[in-house]
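Scroll down for the structure; my scribbles are underneath it.
The values are calculated or read from the model by the stated rules, or taken from the named source; none is laboratory data. In this text, all values refer to a predicted model and were calculated from it rather than measured experimentally. Positions of Cβ are backbone-derived with ideal geometry, glycine not excepted, and every protein chain shown enters the neighbour counts.
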Amino acid sequence: MARLEIEQFPCLSDNYGVLIHDPASGRTAAIDAPDESAVEGALQKRGWKLTDIFVTHHHADHTQGVAGLKQRHDAHVTGPAAEADRIAGLDRTVSDGETFDFAGHAVHVISTPGHTSGQASYHVADAGVAFTGDTLFALGCGRLFEGTPATMWNSLVKLMALPDETAIYCGHEYTQSNARFALTIDTDNAALIARAAEIDALRAAGKPTLPTTMALEKATNPFLRAADPSIRARLGMETASDAEVFAEIRKRKDNF
C-alpha cells in the first residue's frame with residue numbers, strides 16, 4: 001500500500017490545515033476546514049481533488065470552510081456523533097473506538113472531549129499519524145471550554161497510549177508561547193530547554209513547529225507529565241492525583 005502523502009499549511013491567524021492524500025486511489029481528505037480558500041490553495045498546489053473532510057470539533061475556526069468545500073467537490077464529511085447537532089453537513093458520524101476506511105487505510109476514532117464536549121481525534125496507524133485538533137498541542141493542550149480538567153486528562157491519557165513514533169498534527173501554531181509557559185512548570189527539564197531553543201529558531205525562520213511526535217510530547221509537554229516527581233514537588237502536590245496535578249497546570253496556563 002502506498003504511504004499517505006501529507007500537506008500541512010497555515011491559515012487564518014494561527015491555524016493549520018492538513019490534507020492527507022492516497023496516491024494509489026487519488027482520494028484526499030482535509031482534516032477540518034478552517035478556511036475554504038486556504039484549503040483550495042493547498043489542493044491546487046499539490047494537484048489533488050478533495051474527496052473527504054474529517055471534522056474534529058464544532059468550533060468555527062475548524063468548520064467554516066466545510067460547506068463551500070463540500071458543495072464544490074462533493075466531498076464526504078465525517079465528524080463526531082457527540083457534536084452532530086453543532087456541525088452542519090455531516091454525511092457520517094463516528095464515535096469512540098470506531099474505525100472507518102479511507103482509501104484502504106484504517107482511521108481509528110478516539111473520543112477526546114475537554115476542549116469541546118465531543119471532540120474526536122483521528123489515528124491512522126499504518127501511516128503513523130494522528131490528528132488531535134485542539135485537544136493536544138505541541139507543548140500544550142486545549143482550553144477547557146466545555147469540559148472539566150478530569151475529562152481532558154482522560155482524553156490526554158488516551159492519546160498518550162499511541163505509539164511513541166506517532167506524528168501528531170494539531171490545529172494551531174501555539175508552540176512558542178506554550179514553551180514559555182512549560183519552562184515555568186518543568187524548569188529543569190533539559191529536553192524541554194533544548195526544544196524551546198529549537199522552537200525559537202524555527203519561528204524566527206518562519207518555519208512551522210509541527211508536526212510533533214508523541215515521544216517528544218511525553219518528554220517535554222507539562223500537560224502530559226502530571227506524574228513527574230519534579231513537577232509535583234515544584235507545585236507542592238506530591239500526593240495529589242495525576243488529574244489534580246493536570247488541573248493545577250491548566251489553571252496556571254489560563255492565567256499565564
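Quick look at the numbers
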{"item": "Close pairs (7 angstrom Cβ cut-off, 6 or more residues apart or separate chains): within 19 Å of S177 (Cα to Cα) in the stretch 222-238, of a type in the set (G, A, S) anywhere", "result": "P222/A182; F223/G140"}
{"item": "Cβ-Cβ under 6 Å pairs, at least 6 apart or on other chains, the stretch 184-197 side under 13 Å from L216 (Cβ atoms) and in a helix (DSSP H, G or I), far side modelled with pLDDT of 95 or more and not aliphatic (A, V, I, L, M)", "result": "A191/T220; L192/D186; L192/T220; R195/T220"}
{"item": "The stretch 139-154, subset in a loop (DSSP other than H, G, I, E, B) and of a type in the set (A, V, I, L, M), residue surrounded by the most Cβ atoms within 10 Å (Cβ to Cβ)", "result": "L139"}
{"item": "Only listed residue being surrounded by 16 or more Cβ atoms within 10 Å (Cβ to Cβ), closer than 15 Å to F131 by Cα and not aliphatic (A, V, I, L, M), chosen from T99, T51, T78", "result": "T78"}
{"item": "Tally of residues being surrounded by fewer than 18 Cβ atoms within 10 Å (Cβ to Cβ) and touching a Gly at 6+ places or on another chain (Cβ under 9 Å) across the stretch 15-34", "result": "2"}
{"item": "Number of positions in the stretch 39-76 that are among the charged types (D, E, K, R) and on the phi > 0 side of the Ramachandran plot", "result": "1"}
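Residues checked against (1) surrounded by 14 or more Cβ atoms within 10 Å (Cβ to Cβ); (2) acidic (D, E); (3) at pLDDT 95 or above; (4) out of contact with any Pro (no Cβ under 8 Å at 6 or more places or on another chain):
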{"residue": "F137", "(1), (2), (3), (4)": "yes, no, yes, yes"}
{"residue": "A167", "(1), (2), (3), (4)": "yes, no, yes, no"}
{"residue": "E198", "(1), (2), (3), (4)": "no, yes, yes, yes"}
{"residue": "T209", "(1), (2), (3), (4)": "yes, no, yes, yes"}
{"residue": "P222", "(1), (2), (3), (4)": "yes, no, yes, yes"}
